[in-house]
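Read the structure below first, then the notes.
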Amino acid sequence: MTAASDESRETPRSRRSFIQLAGGSFLLATSGAVSAVAASCSSSPGEPSETTDRNALRLAPEAVPRDLTLHAGLGTADIGSGVMAPAMLLNGSLPSPLLRVRRGDAFRVTLQNQIGQPLILHWHGLAPPDTMDGHPRFAVPSGATYEYDFTVTARAGTYWYHPHTHMLTGEQTYRGLAGLIIVGDAEEDALDLPSGAREIPLILQDRRLAGGVPVYTPFGPDFMAGYMGPEPFGNGIRRPFLEVDSALYRFRVLNGSNARIFRLGRSDGNPLILIGNDGGLVAQSESVASIDIGPAERADFLVDLRAAAVGSNIMLRSLPFTIPGGGGFMGGANLQGQPLDLLELRVTRRVEDPSQIPVQLSVPGGPREADAVRERSFRFTSIAMNHLINGASFQLDRVDERVPFGETEIWSFINDSVVPHAVHLHATHFSVLSRMGGRGAVQPWERGLKDTVLLNPQETVRVAVRFTEFTGLYLFHCHLLEHEDMGMMLNILVE
Ligand code: C2O
Ligand code: CU
Ligand code: CU
């Protein structure tokens, strides 16, 4: 498939959005520029890179989001070994500051936009009033500010925040505007999970480099498969390593990639101990060989290194996988399923760690199939540069679905395309009920409460949904950010 043939099949509407989208990125305006970019790329996206050096993992600076100003600006950040990369930064840091709150706390943040583009931030997984949720219609121009003020009602868990600017979410998130939000509560405290230096918040991202620094230069095929790259980054550091004790660790992982799916596992074949996901702790801990995590999903798991020898290195990897019906045909930019060494754990110190791994964790609750009063279905199609939900492309002010507040519904997500989608709903969490086709079952890491679910080609996923926090206009979209920016998003009016 070439860029030129895609273009000839575009509808007038998608052609218009394609041009607008291109205007927001660095390169590319016409199909002529597309081939020029492709030809001049010094390292092709699939090419292994030249160095095996690894860099020390960084942890994000922490902040309390109470009367906090987040200043968004352009700058540079160290991506390892002193290599300075241009980036969009919040308060000068890559990744963005980690915000720690307790359930029930006030959340008061002022966004100051100085990035030279419109900007609005979204608190992914929290459920604030709709004016506080970062809908793109609230984006402010560079030079302006936006005030957020609401109460955190989310369960203890790992959430995150990122831009939601109309047609610019992919670029702005990729260039560095993304951080974690960790919500704590008394129930979780009582479990005595690994904390302090043994709790590792980790944003995993793949990056494409030019001149040794990440670049966001999507062309032709990237607008179909999504923007991927061969280099693993953790918390903004290229090819990171972390020195660890022979102890039990908790990892709170966000897949902060624009489009790349990871199948997380340990290089030594030992399991990960799953304890939570998008909506906080699951009911019981569970040993799993690997965890699939699509864009925007979170995985909370324990890594047991108590038997590891000092001097040993254990890689947290993305294991190879194949997607039915997908991949391959779009050329080197589609790296979906290719293995990636994400974070090397270097065991440097022998300690005695008497920690217990709790079995019973929580009662996630959430909407139940038996309470459902209505069904809806959503068909995800990606054909010739058009990414549509039920045949529609996003419009800022059009209401696509009206959903009664407080009523439980069954929503079916149907993937009618050859690329995966990461289906995300704002303002609530849902329960995953079943999966037909593809992987054919609800996965262990999809139990409990989710706000994003991976929908591979040929899969139909049914979920139970209920809005219990606020009425208002909220978003429903694919979290492959190129798909979202090209219109794979709907407005849901909760009323
Ligand atoms: Cu994480 Cu609407 O997004
Ligand atoms: Cu969200
Ligand atoms: Cu998608």
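The values are calculated or read from the model by the stated rules, or taken from the named source; none is laboratory data. Computed from a prediction, not measured in an experiment: that's the story for all the values here. In this analysis, Cβ positions are derived from the backbone assuming ideal geometry, glycine residues included, and neighbour counts consider all displayed protein chains. These accessible areas exclude ligands, DNA and RNA; they are computed on the full protein's heavy atoms, side chains included. Shrake-Rupley method; radii C 1.70, N 1.55, O 1.52, S 1.80 Å.
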Problem - Separation between Cα centres of the stretch 109-172 and the stretch 340-390, rounded to whole Å - result: 22 Å
Problem - Solvent exposure of the chain as accessible area per residue, Å², 1.4 Å probe - result: 35 Å²
Problem - Local electrostatic count at Gly256 - Lys and Arg +1, Asp and Glu -1, tallied over other residues with Cβ under 13 Å - result: +3
Problem - At 0.692 mPa s and 37 °C, Stokes D of the stretch 82-124 from Kirkwood alpha-carbon radius, µm² per second - result: 253 µm²/s
Completion exercise
Once Thr468 and Arg306 are pulled to full extension, the length gained, defined as 0.36 nm per residue separation minus their Cα-Cα distance, is 54.1 nm
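Given an 8 Å cut-off on Cα distances and at least 6 residues of separation, report the relative contact order of the stretch 368-495 as a percent. Provide the component values of the computation, followed by the final result.
Values: 320 pairs, mean separation 43.4, N = 128.
Computed over the stretch 368-495, the figure is 34 percent.
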Handout entry: Total formal charge among the other residues, if their Cβ is under 15 angstrom from that of Asp67, Lys/Arg +1 and Asp/Glu -1
Key = 0
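Looking at the calculated P(r) for the chain, what percent of the C-alpha pair distances fall above 29 Å? Don't skip to the end; give the middle numbers.
Working: 56433 of 122265 pairs.
Here the tail beyond 29 Å accounts for 46 percent of pairs.
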Fill in the blank from the handout: Taking only the alpha carbons of the stretch 327-451, the radius of gyration and the largest Cα-Cα distance, Dmax, both in angstrom, are 20.1, 59
Fill in the blank from the handout: For the stretch 369-494, the percent of accessible surface on carbon and sulfur atoms (probe 1.4 angstrom, ligands and nucleic acids excluded) is 48 percent
Practice task
Compute from the Cα atoms of the stretch 226-308 the Rg and the Dmax, the latter being the longest Cα-Cα distance, and quote both in angstrom.
Solution key: 13.3, 40
Handout entry: Accessible area of the stretch 100-148 belonging to carbon and sulfur atoms, whole % at 1.4 Å probe
Key = 47 percent
Practice task
Using packing as a proxy for protection, rank 422-428, 315-321, 478-484, 61-67 so that the peptide with the highest average count of other Cβ atoms within 10 Å comes first.
Solution key: 478-484, 422-428, 315-321, 61-67
Practice task
In nm, give the distance between the simple-model label positions of Asn270 and Ile383, each being 7 Å from the Cα along the Cα-to-Cβ direction.
Solution key: 5.0 nm
